[in-house]
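Working notes, beginning with the structure itself.
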Ligand SMILES: NC(=O)c1ccc[n+]([C@@H]2O[C@H](COP(=O)([O-])OP(=O)(O)OC[C@H]3O[C@@H](n4cnc5c(N)ncnc54)[C@H](OP(=O)(O)O)[C@@H]3O)[C@@H](O)[C@H]2O)c1
């Protein structure tokens, strides 16, 4: 990539239907806005109807012609993921989605917290929820060139390890560099493994991933604990960018013609913290195929969502 890629590079999204999780704030919101600007119809689920409505009205304010559907989704609760996926399939029957962006997450919760399903909250929200959602929505994704599943990871994935004896942080809990890092490494592994499985069935659907560097969003305003908060504050003036710039790697992974199967995109600046989209290296932990396969099996078991329907994604219908 010689010329810097910006939102102007997004091809027309007219006639395309996209679903973005966590699009009521930060990077997800900016990505939804740009896709709507380019003509996409956007499905925008949030944790509450009020948050979804607020985001939808902010998009329509800027893009009066935008077609935005609001929904409720809690990725940390499998029952919510299942009922959401069912509602999407009912509202938009058949192969009806062009793009799914797994963007929502929570970061570095200071204390280990468990969900109603018995999973550690970051692993549940950031990884198991999106794993289940993607599996349930796969039959809704159009089997044609241009269809994509984009999964958000993080530079912190380089610090992550998948420990099968500590997936729910039951042995050790360190908010950022263990629990969060593991969940974001799992996202990367998922994206790669999904691509391998799609390729194996001859599917034209692409699985790509992205990370935004350090983008100033609500992610840094939650209860992060003193150490992480201080680190974020110290870095902010020198090594951060706004959410709109942070959304560019996502938008590249989601729409750029140059994006490739299994591609991982992040900012091109120092330490991949700021800048414009470029292909970036996967964390070492994302390269181990044995781990990838085992994590997949374990995720199917934990979520009860089987990808046995994957062949549907391979029936080429353009
Ligand atoms: N910002 C960065 O510097 C940075 C760095 C590395 C990676 N990332 C990645 O970028 C992505 C977007 O993050 P962001 O920075 O834009 O953060 P953000 O502004 O906090 O957005 C996160 C979104 O996820 C939603 N969410 C949280 N828990 C959820 C749940 N249980 N169910 C459904 N939605 C839920 C939030 O909804 P609520 O409004 O209800 O909380 C919010 O809409 C994440 O995947 C993150 O890992 C960001």
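The values are calculated or read from the model by the stated rules, or taken from the named source; none is laboratory data. Quick caveat, the model's predicted, so the values are computed rather than measured. Neighbour counts run over all protein chains shown; Cβ positions are idealised from the backbone, glycine included.
Is it true that some residue in segment 116-124 is modelled with pLDDT under 95, within 12 Å of the ligand (Cβ to nearest atom) and crowded, with 22+ Cβ neighbours inside 10 Å?
So in segment 116-124, the residues modelled with pLDDT under 95 come out as none.
No, because not a single residue in segment 116-124 is modelled with pLDDT under 95, within 12 Å of the ligand (Cβ to nearest atom) and crowded, with 22+ Cβ neighbours inside 10 Å.
Evaluate the following for residue 16: is it more than 16 Å from the ligand (Cβ to nearest atom), in contact (Cβ under 8 Å) with a residue 40 or more places away in the chain and either closer than 27 Å to residue 266 by Cβ or surrounded by 18 or more Cβ atoms within 10 Å (Cβ to Cβ) (or both)? Steps first, answer last, please.
On the way: more than 16 Å from the ligand (Cβ to nearest atom): yes; in contact (Cβ under 8 Å) with a residue 40 or more places away in the chain: yes; either closer than 27 Å to residue 266 by Cβ or surrounded by 18 or more Cβ atoms within 10 Å (Cβ to Cβ) (or both): yes.
Taking the combined requirement at face value, the residue satisfies it.
Based on what the data block shows, is residue 95 away from the ligand (no atom under 15 Å from the Cβ) and either within 21 Å of residue 51 (Cα to Cα) or not in a loop (DSSP other than H, G, I, E, B) (or both)?
Numbers: away from the ligand (no atom under 15 Å from the Cβ): yes; either within 21 Å of residue 51 (Cα to Cα) or not in a loop (DSSP other than H, G, I, E, B) (or both): no.
Criteria not met by residue 95.
If you go through segment 249-271 one residue at a time, how many are in a helix (DSSP H, G or I) and closer than 21 Å to residue 195 by Cβ? Before you say what the answer is, go through the steps one by one.
Quick first cut of segment 249-271, residues in a helix (DSSP H, G or I) only: 249-255, 270-271.
Those left that are additionally closer than 21 Å to residue 195 by Cβ: 249-255.
Qualifying residue count for the region: 7.
Mind telling me which of the residues 210, 244 ends up being touching a strand residue (DSSP E or B) at 6+ places or on another chain (Cβ under 9 Å), at pLDDT 95 or above, within 9 Å of the ligand (Cβ to nearest atom) and under 21 Å from residue 148 (Cβ atoms)?
Values: 244 fails: within 9 Å of the ligand (Cβ to nearest atom).
Exactly one of 210, 244 is touching a strand residue (DSSP E or B) at 6+ places or on another chain (Cβ under 9 Å), at pLDDT 95 or above, within 9 Å of the ligand (Cβ to nearest atom) and under 21 Å from residue 148 (Cβ atoms), namely 210.
Being over 16 Å from residue 138 (Cα atoms), within 10 Å of the ligand (Cβ to nearest atom) and surrounded by 22 or more Cβ atoms within 10 Å (Cβ to Cβ) is true for just one of 78, 73. Which residue is that? Reasoning before the result, please.
Values: 78 fails: within 10 Å of the ligand (Cβ to nearest atom).
Being over 16 Å from residue 138 (Cα atoms), within 10 Å of the ligand (Cβ to nearest atom) and surrounded by 22 or more Cβ atoms within 10 Å (Cβ to Cβ) holds for just one of 78, 73, which is 73.
Within segment 53-70, how many residues turn out to be away from the ligand (no atom under 16 Å from the Cβ), free of Cβ contacts under 8 Å to residues at least 12 places away in the same chain and part of a helix (DSSP H, G or I)?
Of the residues in that region, 2 qualify.
Taking the condition of being closer than 22 Å to residue 38 by Cα and surrounded by fewer than 18 Cβ atoms within 10 Å (Cβ to Cβ), how many residues in segment 245-275 meet it?
Total meeting the criteria: 3.
How many of the residues in segment 19-52 are assigned to a loop (DSSP other than H, G, I, E, B), within 16 Å of the ligand (Cβ to nearest atom) and over 15 Å from residue 243 (Cα atoms)?
First, pick out the residues of segment 19-52 that are assigned to a loop (DSSP other than H, G, I, E, B): 21-25, 38-40, 47-48.
This time we only want the ones that are within 16 Å of the ligand (Cβ to nearest atom), so: 21-25, 47-48.
So of that shortlist, the ones also over 15 Å from residue 243 (Cα atoms) come out as 21, 47-48.
Number satisfying all stated conditions: 3.
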